[in-house]
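So the structure is just underneath, and the comments pick up after that.
The values are calculated or read from the model by the stated rules, or taken from the named source; none is laboratory data. What you see is a predicted model; the values in this text were computed from it and never measured. Neighbour counts are summed over all protein chains in view; Cβ atoms, including those assigned to glycine, are modelled from backbone coordinates with ideal geometry. These area figures cover heavy atoms from the full protein model, side chains too; ligands, DNA and RNA do not enter into them. Shrake-Rupley method; radii C 1.70, N 1.55, O 1.52, S 1.80 Å.
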Amino acid sequence: WPPQYSIMDGGTLEPLKIVSTRGATVDGEYHPEPRVASIVASHIKPEWVINVKETGMIKLVDYSDIKNLKETTINSAKFLHDGGWDYTKRYFLVAANASHKVAAVDTKTGKLAALVDTKKIPHPGRGANFIHPQFGPVWATGHLGDAVITLISTPTDDPKFAKYKQHNWKVVQELKTAGAGNLFVKTHPKSSHLWADMPMNPERENAEVNYVYDIKD
């Protein structure tokens, strides 16, 4: 709150333009105070991907001419939260946590690429990308409401991964945990491990534990 996003001068942080996010939800109902949940910059175009939480709307904002600002509004699902880039940095995947879905935006075409059903209340932080030994490039998210880490297959133009195309935008694996309450998953290109926490779990012995998975297995 307030329900808006601000465009500022990068050197001075002087506000240059303030844009309201008030408007209709994906269900067609007016919402007076929809908040901005996350913002990222496209790797392909001079655009921001702006996720408006309560409306379920994703806005692609062209910042090349802010005096004549262009917005592309994409319907996805409620309530949008945080997200991260896929392996290629073409697709931005964001949790629509109240809908138990992950929305994927194609920043090259400016359209919704997929809405993937997941377990309850996905909460990826930025998510995590790695090469799965069976399914190729995948993106991972944990869940506040279910005891799994979900792996979603993501597309790439790299011919060496062409054989995995049939799995794209599908949940290919669910890694079991001791309970719900995950906030963040993380890995690194030089790491062979996937890390996941569980701080929102009501059981102390779970909340104080990190899970570490062997990516090769």
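Condition first: under 16 Å from Ser64 (Cα atoms) and either of a type in the set (A, V, I, L, M) or more than 22 Å from the chain's Cα centre (by Cα) (or both). Now tell me which residues in segment 3-14 satisfy that.
Within segment 3-14, Ile7, Met8, Asp9, Gly10 meet the criteria.
Would you pick out the residues in segment 64-92 that are outside any strand (DSSP E or B) and touching a Lys or Arg at 6+ places or on another chain (Cβ under 9 Å)?
Ser64, Ile66, Lys67, Leu69, Ser76, Ala77, Lys78, Phe79, Arg90
Filter segment 159-168 down to the residues that are open to solvent by 40 Å² or more (accessible area, probe 1.4 Å) and within 22 Å of the chain's Cα centre (by Cα) and list them by number.
Lys165, Gln166, His167
Ala95: at pLDDT 95 or above and not in a strand (DSSP E or B), yes or no?
Answer is no for this residue.
Within segment 75-87, how many residues are open to solvent by less than 70 Å² (accessible area, probe 1.4 Å) and farther than 16 Å from Arg35 by Cα?
Residues meeting the conditions: 3.
Are any of the residues in segment 191-204 under 17 Å from the mean Cα position of the chain (by Cα) and in contact (Cβ under 8 Å) with a residue 24 or more places away in the chain?
Within segment 191-204, one or more residues are under 17 Å from the mean Cα position of the chain (by Cα) and in contact (Cβ under 8 Å) with a residue 24 or more places away in the chain.
Can you name every residue in segment 1-33 that is of a type in the set (Gly, Ala, Ser) and over 21 Å from His81 (Cα atoms)?
Correct list: Gly10, Gly11.
So, of the residues in segment 18-44 that are open to solvent by 70 Å² or more (accessible area, probe 1.4 Å) and in a strand (DSSP E or B), which turns out to be farthest from Asn97 (Cα to Cα)?
My answer is Ile18.
Considering only residues that are more than 21 Å from Lys186 (Cβ to Cβ) and in a strand (DSSP E or B), look in segment 104-148 and name the one that is most open to solvent (accessible area, probe 1.4 Å).
Here the residue is Lys111.
Take the residues in segment 169-187 that are in contact (Cβ under 8 Å) with a residue 40 or more places away in the chain and polar (S, T, N, Q), then tell me which one is surrounded by the fewest Cβ atoms within 10 Å (Cβ to Cβ).
Top of the filtered list is Gln173.
Of the residues Glu47, Glu54, which is touching a residue at least 40 places away in the same chain (Cβ under 8 Å), within 28 Å of Thr154 (Cα to Cα) and in contact with a strand residue (DSSP E or B) (Cβ under 8 Å, 6 or more places away or on another chain)?
Answer to the check: Glu47.
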